[in-house]
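Heads up: the structure comes next, in structure tokens.
The values are calculated or read from the model by the stated rules, or taken from the named source; none is laboratory data. Here the structure is a predicted model, which means the values were calculated and not measured. For neighbour counting, all protein chains shown are included, and Cβ atoms are generated from backbone atoms with ideal geometry for every residue, glycine included. Surface accessibility is based on the protein's heavy atoms, side chains included, excluding ligands, DNA and RNA. Shrake-Rupley method; radii C 1.70, N 1.55, O 1.52, S 1.80 Å.
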Amino acid sequence: MAPLMEKGGGGGVYKVAVIGSGNWGSVATKIIASNTIKQNNFHDEVRMWVYEETLPTGEKLSDTINKNHENCKYLPGIYLGPNVVADPDLENTVKGADMLVFVTPHSYVKGICKRLVGKIKPEAKAISLIKGMEVKKEGSCMISKLITEVLGINCCVLMGANIANEIAEEKLSEATVGYREDKEVANRWLQLFTTPYFLVSIVEDIEGVELCGTLKNVVALAAGLVDGLGMGHNTKAAIMRIGFKEMRAFSKLLFPSVKDSTFFESCGVADLVATCYGGRNRKVAEAFARNGGKRSFNELEEGVLQGQKLQGVLTAQELFEVLTDRGWEDQFPFFITVHKICTMQLPPRSILQCSSVHNSTQLEY
């Protein structure tokens, strides 16, 4: 790779590191790299942390990315850019970085953050593209809050109607950045991610944006079950509406500050629609229902996703733990049913009973 041009004269030139190199992580890196190389306030080089793997050819994944500028395992056929450097060393990846982009499976975040304590710039800023939450004895914790608590840095979130492969092909898409108080930082993320085909807006409602991105995966599981049962568009629309209603009610119950308007941003209804028709959670749930619920989600994940990770089932488990801990089970029959189907306590067809049960349950928040 040719040497990258240094920009600016010091202050105001931001170095970006991406923590994660899966399907969505690679797409995010492609977007970021296309902007850093064009804009004077960012260093050209984008370093991407790769969880090292040995490919069937015997080559290391990071070596092939650096040689071909393509992630042949998780995003084949897509050019990432000449300024992307894959690095299997986590600490080296973040060394000197001003902006940290987290995009890994949410179950890995806490361990990664603990490894980074004392290894990042104190004034660094973070953004999470991760859907999920951590459930602790003292209550649920959003991923952005986890990053802030462990690393002591500002963390925004980016969520939206983002089927990764479509964005990689530069088909028009949108996303929402959620922030708290610091609009200047949010605008910096806006500048880093916005392209002619990836349109980003900012909203001062970090909890609302992040919960939309998290909870829609549970609704997408239900949509996939409906597809697998062959029930058609009307049933799927009804299930999506019920799920959307519980998303809003749960979010506002957990965080009263959540704004109704956030649900009509890309992170809300648009992401829900995209994920319920094109996401991996829908895809695996469809296969689960077609098999009559006889093969576990873990087993199907291996075959259907070929190395990619499913977020919805774990999120449904975490959601179930929050609801039971707070005594909210009766208010959220849809979420409870999805979890019980995923854990094989109920058959896939049980999702069809949610409509009548839900319509007798009041969720007004």
Single condition Glu246 does not satisfy, out of (1) open to solvent by 10 Å² or more (accessible area, probe 1.4 Å); (2) of a type in the set (D, E, K, R); (3) assigned to a helix (DSSP H, G or I):
(1)
Which residue, of Ser251, Ser261, is open to solvent by less than 10 Å² (accessible area, probe 1.4 Å) and closer than 28 Å to Glu207 by Cα?
Ser251
Regarding Val226, is this residue under 30 Å from Trp328 (Cα atoms) and not in a helix (DSSP H, G or I)?
no
Looking at Asp205, Asp182, can you tell me which residue is over 14 Å from the mean Cα position of the chain (by Cα), open to solvent by 10 Å² or more (accessible area, probe 1.4 Å) and under 24 Å from Phe255 (Cα atoms)?
Asp182
Glu302 vs (1) farther than 28 Å from Leu75 by Cβ; (2) surrounded by fewer than 19 Cβ atoms within 10 Å (Cβ to Cβ): all pass except (1)
Which condition number does Val177 fail, the rest of (1) within 14 Å of the chain's Cα centre (by Cα); (2) part of a helix (DSSP H, G or I) being met?
(2)
Please give the helices (runs of 4 or more DSSP H) falling wholly within the range 259-325 in which 2 or more residues are modelled with pLDDT of 85 or more.
271-278, 280-290
When residues of the range 129-148 are limited to those that are touching a Cys at 6+ places or on another chain (Cβ under 6 Å) and modelled with pLDDT of 85 or more, the one farthest from Gly312 (Cα to Cα):
Thr148
